[in-house]
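Below is one structure, written out as structure tokens, with a few remarks after it.
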Amino acid sequence: MTATATAEKETLGFQTEAKQLLQLMIHSLYSNKEIFLRELVSNASDAADKLRFEAVKNGDLYEGDSELAIRVSFDKDAKTVTISDNGIGMSREDVISHLGTIAKSGTAQFLSSLSGDDKKDSQLIGQFGVGFYSSFIVADRVEVLTRKAGAPTSEGVHWECEGDAEFTVEAIEKADRGTTIILHLKDDAEDFADGFRLRSVIKKYSDHISLPVIMQKEAHGEPEEGKEPEAPEDETINTATALWTRSRSEVKDEEYQEFYKHVSNDYQDALTWSHNRVEGKLDYTSLLYLPKKAPFDLYNREGTRGVKLYVQRTFIMDEAEQFLPMYLRFVKGIVDSNDLSLNVSREILQKDPNIDAMRAALTKRVLDMLDKMAKKKPEEYAEFWKEFGEVLKEGPGEDFANKEKIAKLLRFATTHTDTETPDQSLENYVSRMQEGQEKIYYVAAENFNTAKNSPHLEVFRKKGIEVLLLSDRVDDWMMSHLREFDGKQLQDVARGSLDLGDLDTEEEKQAQEKINEELKGLVERSKAVLEEQVAEVRLTHRLTDSPACVVVGEDDMGAQMRRLMEQAGQAMPDVKPTFELNPEHPLVKKLDLEADEDRFADLVHILFDQATLSEGGHLDDPAAYVQRLNRLLLELSH
Ligand code: ADP
Ligand code: MG
């Protein structure tokens, strides 16, 4: 025996999370057992895609056999189901890292997403890239025989596991490249060793797989007397043509949905899709889906994004990011180009001007799909918005060309309804604008309640002018790029001095000027007190119930954005706000009469700090605020 280190049978332990996962598969996922087949066929199909892709550069990898297929067979007596492919195969290292010790990033997330509801949990499997382990839903022993395409036949690998904490790997001789998976069925899953059952499961989940899934025809009845039993014939179970090459009218909705699950690893149906063939200068087919639910990694920098790229039906790459902008990263699907070369790489994609044209066209497709949904199926659109609205809000900043289109798709909470549900479009807002109103007003705060109760809204509420209530993290940033809609400027109500233009009557304006004159002294005294903290003190007419508020300068960064940057560790320049007093408020009137300068200073400080707090801001010196307030409270109790 020439036992090299790697030829020996080696027993290895699973990493903790993989172990937990196995236990779960074995003991708790009973409903929906049949999905194991979907997962294994899907892996076999991926393996074929990978081989086709590699073989573009190195045809030898086919080893003389380029007819890629998946075979499924069973043995009733031995109680086994076997799934074989002649795809890329795995080396020993591949086997150990993909099926063994190293849990993939998805594993931990999968475990933490478990609901305890066995039906739901089993559906999560594909989404988190832990499909292989679903073998253990039906098997108590799983064998994998595999050899990497192009490797010598002596480099076959035999992996075996009985669903406990360990697995073994051993070198074997394997003539055919690719992977064979043998499932030794558990007692309660023996019914899968049945041709009819397997065929129906394959039809149900794997019809769209573009390579043939083959089974042997079963002999019916006894062979005729005197005749040799015929050699069993092969039979292709699935449709086995790439779904997107078929015409729209030919493809059933269920087929589109199954295909969606395959490309997205999602377990739920897609919300909607758009399937298009483009001919002319560019020649390509696209099939783009909108998911129902946001994936767990939507906001991860390394999260999956982009579409699957095919060139003339040959799979080229996953996550081709060049075909859609970042703010549409939730879109799943495929693009199949007839113009690109099979050798295309990410670098080439980045430089190819045709890709820019495709990206523009695909972006438009998605935006049109959304627009159509928003108009025709507002409930579905609301569902979409809830999941992906915040991502779409990155659009105006990223995609200048489509700003107006994206703006129409945005939804907001507003003072019109005063509810947290963002269900109002800018078009709705504009249709309700008042006589003489030129701007679209909004307030941005850390959360809905702060926005809704912002003192800046008081005058707007009094005059019945609608204000958008923004509380998503991206809002300030988005607005800074959007700037206008339908020719109307978007105005932050907490920014700059309030100018309601024609919305104020002549009498109101005169009354305001009069009061400004009367309280000049108060403004000067307050300014002296707050010299260090504020850029300016002035009187305002935007308040009705609150005594004071703070506003930022027209060109300064909004408070929400500032906090965002600070949280991200950015050092922000000190920008002083403007402090505004409400001359109609009894507290302010009293303040004007306060002769004791110390007490006056205390009161001004308190008003300023309160104004900061009601914006959701932080005090520089909270202890000082508390002390001043307590001094006042003490006076009260005298
Ligand atoms: P995923 O398919 O999402 O990556 P799986 O748990 O289904 O997760 O599979 C894990 C990995 O094992 C695959 O990514 C692949 O590298 C490898 N693998 C599984 N089945 C096969 C196969 N039939 N041929 C080659 N590699 C395979
Ligand atoms: Mg898989």
Restricting attention to the stretch 524-547, report how many residues are touching a Ser or Thr at 6+ places or on another chain (Cβ under 8 Å) and outside any loop (DSSP other than H, G, I, E, B). 3
Residue check, Ser115 at pLDDT below 95, surrounded by fewer than 16 Cβ atoms within 10 Å (Cβ to Cβ) and either farther than 20 Å from Leu183 by Cα or not hydrophobic (A, V, I, L, M, F, W, C) (or both): yes
Heads up, the helices (runs of 4 or more DSSP H) in the stretch 557-623 (entirely inside) with at least 3 residues that are in the same structural domain as Val523 (by TED's automatic domain parsing) and within 22 Å of Lys452 (Cβ to Cβ) are 597-614
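Test of understanding: among Glu379, Glu420, which residue is open to solvent by 50 Å² or more (accessible area, probe 1.4 Å) and in contact with a Phe, Trp or Tyr (Cβ under 7 Å, 6 or more places away or on another chain)?
Among Glu379, Glu420, only Glu420 is open to solvent by 50 Å² or more (accessible area, probe 1.4 Å) and in contact with a Phe, Trp or Tyr (Cβ under 7 Å, 6 or more places away or on another chain).
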Members of the stretch 161-195 found to be away from ligand 1 (no atom under 16 Å from the Cβ) and either touching a Ser or Thr at 6+ places or on another chain (Cβ under 8 Å) or not assigned by TED's automatic domain parsing to the domain that holds Ile88 (or both), listed by number: Glu166, Thr168, Ala171, Glu173, Ala175, His184, Leu185, Ala193
Across the stretch 264-282, the tally of residues that are in contact with an Asp or Glu (Cβ under 9 Å, 6 or more places away or on another chain), surrounded by 15 or more Cβ atoms within 10 Å (Cβ to Cβ) and not in a loop (DSSP other than H, G, I, E, B) stands at 3
Taking the residues in the stretch 199-217 that are in a helix (DSSP H, G or I) and under 34 Å from the mean Cα position of the chain (by Cα) as candidates, determine which candidate is surrounded by the most Cβ atoms within 10 Å (Cβ to Cβ). Ser206
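Condition check ((1) more than 19 Å from the chain's Cα centre (by Cα); (2) of a type in the set (A, V, I, L, M)) across all residues:
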residue	(1), (2)
Asp339	yes, no
Glu347	yes, no
Ala360	yes, yes
Val366	no, yes
Lys375	yes, no
Ala382	no, yes
Pro396	no, no
Phe400	yes, no
Need the failing condition index for Ile83 against (1) within 11 Å of ligand 1 (Cβ to nearest atom); (2) assigned to a helix (DSSP H, G or I); (3) at pLDDT 90 or above, just the number. (2)
Go through the stretch 328-357 and report how many residues are aliphatic (A, V, I, L, M) and modelled with pLDDT under 95. 7
Here are the criteria: (1) under 23 Å from Ser45 (Cβ atoms); (2) surrounded by fewer than 21 Cβ atoms within 10 Å (Cβ to Cβ); (3) out of contact with any Lys or Arg (no Cβ under 9 Å at 6 or more places or on another chain); (4) of a type outside the set (Lys, Arg). Tell me which single one Glu321 does not satisfy. (3)
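The values are calculated or read from the model by the stated rules, or taken from the named source; none is laboratory data. Being a predicted model, the structure only gives us computed values, none of them experimental. A quick note on method: Cβ atoms are made from the backbone with ideal geometry, for glycine too, and the neighbour counts reach across all protein chains shown. Remember, those area values only see protein heavy atoms, side chains included, never the ligands or the DNA or RNA. Shrake-Rupley method; radii C 1.70, N 1.55, O 1.52, S 1.80 Å.
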